[in-house]
Each structure stands twice: as C-alpha cells, then as structure tokens.
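Chemist: Once you've had a glance at the structure underneath, I'll fire off some questions.
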Amino acid sequence: MNSEQIKNSLNISPAIRVGVLGFGGLGQAAAKVVAGKREMILVAAADQKGYAYAADGLNTEASIATYQSEGSVGYLEPVGTLTNQSIQDLIEIAEVDGYFLALPNLPNDFIPTVAKQFIKSGWRGVLVDAIKRTTAVEQLLAMKEELQAAGITYMTGCGATPGLLTAAAALAAQSYAEIHQVEITFGVGIANWEAYRATVREDIGHMPGYTVETARAMTDAEVEALLDKTNGVLTLTNMEHADDVMLEVAGIVGRDRVTVGGVVDTRNPKKPLSTNVKVTGRTFEGKISTHTFTLGDETSMAANVCGPAFGYLKAGRQLHQRGIYGIFTAAEIMPQFVK
C-alpha cells in the first residue's frame, strides 16, 4: 500500500495541500511553519518571477535557498517555472486545497485583485490573507457573493493583528453587556528590515505625511534614509487597521471604538514593547472592567502571523468541505490548531 492508502485504511485525513503566494520574509516563514505540520503539506510557492510546484511536496530548505540565491523559486530544479504571471499560471496547473496570500497589499486593491484572479480561473478552495488595512478588507467583503458563487471560502484578516488579537477581542467581549473600547498595541522586532521590505513599507504608509502610494514608490535607499532618521524605529498611532471593520461586522463594537498602534524596531529582533489587546466594557451588573490578552515576547512576528493564518486555513477547509463558501473574518470564525 502507498501512503495515501495507508492513511485511508487508518481513517486518517490526507494532508491539506497548501500553496504560499509571495515568498519574501513572511512567505519563507510560512513555508517553515508548514514544514513542521503533519496535517499540511507545502506543494506550491510563487513570487513575482516564477513558481514551484510539486504534488508530493516541496523541499522547504531548497525552496528558500533557491529564492535567496537566485531571486525566485522559479529557478528551483526540477519543479520551478519562470513566468511573469506566476499566480495565474500556478492556479491553472496546481492541485492545491488552500493558499496563504503572503503578499504585500500595495496598492490597497492588490489582494482583492488576486482574489478576482482565483474567481475567474474557476478554482475552488480556501484562501487566507493577513492583510491589515480597513479599506482592503472592505473591498473583499464586497466580493462575498462572487466568492460564494465561485465556490471559494475566503478567510480575511487572519494574521496577528488583525487576526489573533481580533479573535481574542471577540472572545473577551463575551464578558460584557456593552463594549466601550478595544485598544490594540503591538511591538515588532526585525533583525533585518530587507527581509520584510513590503511589510515595512506598509507600516511606513501608516505614518503621518505618507500614504500607501508614496510608501510603495520609495526606493530601498529612501527607506534606509528614513530609518536612519528614526534610528530604525517606526512609531505608529491611530492606524487604519482592519480590526475595526472586522469587529464591527461581527457585531461586537463600532469601529470608532477600536484603536490600533504600535512600535516597529527594524534593527533589533527583540520586541520594543509587548503586544496586547485591551477590551474595556460594562458587565451586566454595571461594573466597568478591562480584559487584557498579551502575546509572549519570545514569539516572533512571523510566528504570530503564520501560525494563526494556517489555523484559519484549516478552519476554512472544514467550512469548504461542508459547502460553506463566501468570506469570513478572524472575528467570526475560530482558528483550528494544526498538528
């Protein structure tokens, strides 16, 4: 018997076939996370210049080494393909149950545009993103009927924040009759900003005097110059962050009562401050109280983004198998632990 027959005889579900779109710092971290899972197998990866696909699973170390040395997984022998339309070409040939979109959402409609590619292709499965901006999530929410008709289960805002902390806020809210405020504060430490170019640019886009468009247009030298001025630290306040619309859509609290901000240190892997969410509300007895959920400082940004993303992919897979399609957020669905 082959491995698939053995699994079937033991009534063990086959591993979820996963693809990662975007293979920069976050995409590579995602590949490493999947490599340690029994319930998932990485079969596909794509970047701007190409893709790699192997039905029996990609070699994670070889994929990362190839990307870092050659600039694309398309050079990975013998399973890589170089192409300027890597996502479209990969969708057409790969058998994948779910994709993690580890893509920069620059501009704000980029990931919604990718979602439309999947709809147009006729592919059916689960899509998961970890995007941040309210306007981007609103665009995806507006595609609910299209996604339903296409047989796609889309999980949006499923990283750390929005994502893990949004879910924690939704859970913490159950103690209260009325929510007064949800305050999310994050600390991120990155040893080398160039490994997370897109993420850092997205954060710069939240700073006073910058927009998504101006941040996207910045050269690496211009980013370096800005970081030199700030000693590598980006301080962000009152960000346009999708936690607000997600909690509002879930009926937990109006977006005007949700605030998000934090500090990103691009030159030190140690977090500059602890990441937490505080939910303040009134209990049915009339008492005002605050729940605080704090992430361990030892967990990296990559762990806190990729772990939940694949937990939501598993949850999305279960919904998809039940014929439940459309779009869901981290405030509506609990992630499933992936072994």
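Chemist: Considering only the chain, what is the antiparallel percent among its DSSP beta bridges, to the nearest 5?
Modeler: Of those bridges, close to 45 percent are antiparallel.
Chemist: Could you identify which residue out of G125, G36, G281 has the top mean-square fluctuation in a GNM of the chain using Cα springs shorter than 10 Å?
Modeler: Result: G36 has the largest fluctuation of those listed.
Chemist: Please find, in a Gaussian network model of the chain (springs between Cα atoms separated by less than 10 Å), the residue of L103, L319, L147 whose mean-square fluctuation is greatest.
Modeler: In this elastic network of the chain, the residue with the biggest mean-square fluctuation among L103, L319, L147 is L319.
Chemist: What are the semi-axes of the equivalent ellipsoid for region 159-295, taken as the square roots of 5 times the Cα gyration tensor eigenvalues, largest first, in whole Å?
Modeler: Calculated on Cα positions only, the semi-axes equal 32, 15, 11 Å.
Chemist: Express the accessible area of region 188-246 per residue in Å², computed with a 1.4 Å probe while the remaining protein chains stay in the model.
Modeler: Values: 2740 Å² over 59 residues.
Value for region 188-246: 46 Å² per residue.
Chemist: Residues of region 251-295 with the amide nitrogen closer than 15 Å to a label point 7 Å from the Cα of E178, along Cα-to-Cβ, please.
Modeler: Residues passing the 15 Å test: 253-254, 257, 280-289.
Chemist: A further question follows. Over 31 Å between C-alpha atoms is what I'm after, so list which of K132/K271; K120/K271; K120/K339 land there. Before the final figure, lay out the partial values.
Modeler: Values: K132/K271 19 Å; K120/K271 41 Å; K120/K339 33 Å.
From the list (K132/K271; K120/K271; K120/K339), the Cα-Cα distance tops 31 Å for K120/K271; K120/K339.
Chemist: Could you quote the convex hull projected area for region 86-161, Cα atoms only and averaged over all directions, in nm²?
Modeler: Taking a quarter of the hull surface, the average projection is 4.7 nm².
Chemist: Going through region 260-305, which trypsin sites (Lys or Arg not before Pro) have at most 12 other Cβ atoms within 10 Å and a DSSP loop state? Before the final figure, lay out the partial values.
Modeler: Working: sites: R267, K270, K278, R282, K287; in loops: R267, K270, K287.
Those that pass, being in a loop and sparsely packed, are K270, K287.
Chemist: Taking only DSSP H segments of four or more residues, each worth -39500 (n - 2.57), what value at 222 nm results for the chain once the sum is divided by all its residues, to the nearest 500 deg cm²/dmol?
Modeler: Rounded to the nearest 500, the figure is -10500 deg cm²/dmol.
Chemist: Further, regarding this structure: If you build a Gaussian network model of the chain, linking Cα atoms that sit under 10 Å apart, which residue out of H320, H241, H291 swings the most?
Modeler: Of the options given, H291 has the highest mean-square fluctuation.
Chemist: I need the shape label for the chain. Rule: rounded when a/c is under 1.5, else prolate if a/b > b/c, else oblate, with a, b, c from the alpha carbon gyration tensor.
Modeler: In terms of gyration-tensor shape, oblate.
Chemist: How would I41, I91 rank on accessible area, largest to smallest, probe 1.4 Å?
Modeler: Per-residue accessible area, sorted high to low, gives I41, I91.
Chemist: Roll a 1.4 angstrom probe over the protein heavy atoms and tell me the percent of accessible area of the chain that is carbon or sulfur.
Modeler: 49
The values are calculated or read from the model by the stated rules, or taken from the named source; none is laboratory data. Everything quoted here is computed from the prediction, not taken from an experiment. Using ideal geometry, Cβ is built from the backbone for each residue, glycine included, and neighbour counts are taken over all protein chains shown. Please note that ligands, DNA and RNA were not included when accessible areas were found on the heavy atoms of the full protein model with its side chains. Shrake-Rupley method; radii C 1.70, N 1.55, O 1.52, S 1.80 Å.
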